[in-house]
1. In what sequence do V138, V4 fall when counting other Cβ within 10 Å, fewest first?
2. Nearest 500 deg cm²/dmol is fine: what mean residue ellipticity at 222 nm does the chain get from its DSSP H runs of n ≥ 4 alone, each adding -39,500 (n - 2.57), divided by its residue count?
3. Please determine, in degrees from 0 to 90 and to the nearest 10, the orientation of helix 99-109 with respect to the longest principal axis defined by the Cα atoms of the chain, where the helix direction is its Cα long axis.
4. Ranking request for peptides 161-173, 109-121: highest mean number of other beta-carbon atoms within 10 Å first, then the rest in descending order.
5. For helix 52-63, report the angle its Cα long axis makes with the longest principal axis of the Cα atoms of the chain; keep it between 0 and 90° and round to the nearest 10°.
6. Please report the net charge: other residues with Cβ closer than 11 Å to the Cβ of H142, K and R +1, D and E -1.
7. I want to verify a result. In a Gaussian network model of the chain, Cα cutoff 10 Å, which of these has the top mean-square fluctuation: N35, N63, N43?
8. So what is log10(I(q)/I(0)) for segment 22-173 at q = 0.13, 0.20 1/Å, when the Debye sum runs over its Cα atoms only?
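Nothing in this text is a laboratory measurement; each read-out follows from the coordinates by a stated rule. Since this is a predicted model, take the numbers as computed values, not measurements. Here Cβ is always computed from backbone atoms with ideal geometry, including for glycine, and neighbour counts include all displayed protein chains.
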Amino acid sequence: MQDVPTLYGPVTRSQYEKAAQIRLLVCDVDGVLSNGFIYMGNNGEELKTFCTRDGAGMRALLNAGIEIAIITGRSSRIVSDRMKSLGVKHLVQGADEKLPHFEALLTTLGLDASQAAYMGDDTIDLPVMQACGLGIAVADAHPLVRARADMVTRLGGGVGAVREVCDLILQAQGLGDYPPEVSR
């Protein structure tokens, strides 16, 4: 099969076809939406950084009618605030096991696993990545996660990887304004 050109470089025809079926993008936070670093203040406050390009991509998906959910192992008010500001309605924090939350989300939304993509960076993400239609590892993910992913982004966590995937989904579904050289 011939690769398909995208804004970030070619993807396989299989990856592109899977992206065309996505109705739900699920992301981890630490290492995917953030760079994986947690900044701790003297008074116990926790800070994280988020990429504004990722946020713009998430808004574009939501505006196109594609659901977004967050399932993360940690709990943080900053994550709640960031997701609220983006309009993300489905947020699970403190998830020691992510697969049951993913399955419940599919039931709630009336979707099949093949209609969901999951972005992860560490081994805790593997069960969901292997259960969904398109399991995606960020470029700087743990080696086992990259090896078992359907796709590995070119960009790292917290520096545009989520935007890369959002653009791929939009392009594959004919929903974005992409130059002719990267159109279907």
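1. V4, V138
2. Details: 7 runs with 64 residues, N = 184.
Rounded to the nearest 500, it is -10000 deg cm²/dmol.
3. 60 degrees
4. 161-173, 109-121
5. Approximately 60 degrees, to the nearest ten.
6. Values: positive: R146, R148; negative: D121, D122, D125, D140.
Once positives and negatives cancel, what remains is -2.
7. For the chain, modelled as a Gaussian network with Cα springs under 10 Å, the answer is N43.
8. -0.51, -1.30
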